Amino acid sequence: MLKHLFLALVFVSSAFFTQAVSAEQRAAYISDELYIFMHSGAGKNYRILGSINAGTEITLVTGTETNGFYEIIDDKERQGWVEAQYINQDKSLKVKFEQLGEELASTQQTLRNAQSEIPELQSLNSDLQAQNQQLQEQLATAIAERDAIQTKQQSLRSKEKRQLLTYGGAIAFIGLFLGIILTIFLSRRKRYDGWA
């Protein structure tokens, strides 16, 4: 009975001491064994408070090792001591496996969402290709019409130039002809004026 009372007193005093140094607490993980026992003190001769499963995230109360044991708080808010050899700073395989399972589920959901969008995207792609084909045909028609209009305009310009040259030549010829006739007519008139 006295032994149990002494152990309870040690446990209570360690709890108060633990709360005083809670600023030093940090996360750690139980190594990948099947399970380990948590003791009420820093040694295997202390009472077993329960077991902790492999991979469980725990909180180190202090970073100081005592007799090969660390004082911890487990995931069930129990405070006790476990052997230092079973504590890792890295995440356990169990935690990593759970995280990878969640990532895999998320990736699979993303893949399913993407696969459900494929038919809609294929339909949209077909519509866009059809529209592109129509636009290509319209563009080819527009280019052909533009070329025809340019050819017609060049033909009209050439025709206008020829007409202008023809009219200009005819006017020049008529002017020259009239000039010659007027010159002859006026020169004869002067001659007749001189004879009279």
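Could you compute the FRET efficiency for Ile48 and Asn88, with r as their C-beta to C-beta distance and R0 at 30 Å, rounded to 0.05?
So the FRET efficiency works out to roughly 0.90.
Between Ala130 and Gln150, take the C-beta separation as r, use R0 = 22 Å, and let me know the FRET efficiency to the nearest 0.05.
Numbers: r = 30 Å, r/R0 = 1.39.
With a Förster radius of 22 Å, E is 0.10.
Mind listing the long-range amide H neighbours of Phe69? Cut-off is under 5 Å, sequence gap 5 or more, other chains count too, H placed in the peptide plane at 1.01 Å from N.
Excluding prolines and chain starts, which carry no amide H, the hits are Ala84.
Every number here is computed from the coordinates shown, using simple stated rules; none is lab data. Predicted model only: the values in this text are computed from it and were never measured. Note that we place each Cβ from the backbone using ideal geometry, even for glycine, and neighbour counts take in every protein chain shown.
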